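Below is one structure, written out as structure tokens; the observations come after it.
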Amino acid sequence: MNKNEFLNNQDVRNFIIWASDFLRDSLQANLLITSKGTKHAGVVEGQFKGLNQITNAYKWKSKWKNSDGFEIESIDWNTTSNYLASLGNALRNALDEKNTEVTFELCREIIKWGGGLRNPNVGAIKFLTDKKVDGSLCKYLTDCQYQLRLDNANDSNLNNIGDMNAMLTKVHAIASTDGLPIYDSRVAGAIACIIEIYFIKTHSQRMNLPKELTFKSTDPAIRRQVNGLCSTSRVPNGITRGTDNHELVKRSSEWAFSKIRLGWLMRAIIDKADQNKKTLFDPKIKENKKEMHAFEAALFMIGFDVSCLKPNLETN
């Protein structure tokens, strides 16, 4: 499946039309995010309407020093947006220069920002360290950049994605230039629940999700799954957590294609809202071409606990 095939699917087209209005004018989220849930940037509590308000409530705390020795901090939407832009520019430059050491350190900074810099013997750090040691890190990430590029991505061309998890998804997203989203447990849970709300409101009798709109969870926690919002037969289940070679290949390609499909969907919803003169985000976000990141940030906030979306079911 490529981008055109995805966007020409009737289920996808109908969802895009619905979402371009709903996510701007009707979406309600009663957020209650602990300080731990913002990496100690503070509690987020309140009733928010529309993606734009939710994005502007975003909080996440981190610091790093760039190559000039300047300390950059993320704390809210604006500072985090600038923080990740700086990291992304630095990572792409390091990849262009084939500088393995700098590339690896920037990947570590991204993982540190994401809160995953724990045991270096497992997960993303172990995977990237192995690539660094065998000298393939820069080539691998550059190859992934091409395979994950939204305009030319195809689910039949993802077998070279060696692994994908909650931290590697952040590395690939920040390395991109086209808004490829992070697909972690919070984002996955949020988009799956928004799609469930769509089916409840428009196709309540439909028993199964179309594969194009199936966004599987990456975390077994109920607050990151559709069942944390409501009981339904349309639960998209989860991406395999198996680690043998067969399951690893399946997990990596499935996770990667979820990122890609979400990117296609987000871009199309943003464009449809713009066509209807109902831009989803503040003019400055649009002017700076950060709508994709803003969309993802809102999903991240929602996905802390998907039950925050229950008010959207009360008026059905």
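Every number in this text was worked out from the coordinates using simple rules, so none of it is lab data. Treat the numbers as computed from the prediction; the structure is a model and nothing was measured. Don't worry about glycine lacking a Cβ; one is built from the backbone with ideal geometry, like all the others, and counts go over all protein chains shown.
Couple of notes before you dig in:
- A simple packing score, the average count of other Cβ atoms within 10 Å per residue, orders the peptides 263-276, 86-99, 237-250 as 263-276, 86-99, 237-250, with the highest score first.
- Per residue, the chain reaches -15500 deg cm²/dmol at 222 nm when only DSSP H runs of four or more residues are counted, each adding -39500 (n - 2.57).
- Cα centroid of region 13-70 to Cα centroid of region 150-177, whole Å: 23 Å
- Proximal lysines to Lys139, defined as alpha-carbon separation beneath 20 angstrom and excluding residues fewer than eight positions away on the same chain: Lys98, Lys126, Lys131, Lys170
- Sites Glu45 and Val133 - FRET efficiency at Förster radius 41 Å, r taken between beta-carbons, to 0.05: 0.35
- Selected from Phe70, Phe199, Phe127 as most flexible by GNM, with the chain as the system and alpha-carbon contacts under 10 Å: Phe70
- In the chain, the longest principal axis of the Cα atoms and the axis of helix 291-302 are about 70 degrees apart.
- Prolate/oblate/rounded label for region 176-316 (Cα gyration tensor, a/c 1.5): oblate
- Acute angle (nearest 10 degrees) that the helix 100-114 long axis makes with the longest principal axis of the chain, alpha-carbon atoms: 30 degrees
- Extension gain for Asn208-Leu117 works out to 29.0 nm (0.36 nm per residue, less the C-alpha to C-alpha distance).
- Per residue, the convex hull volume that the Cα atoms of the chain enclose (Å³): 129 Å³
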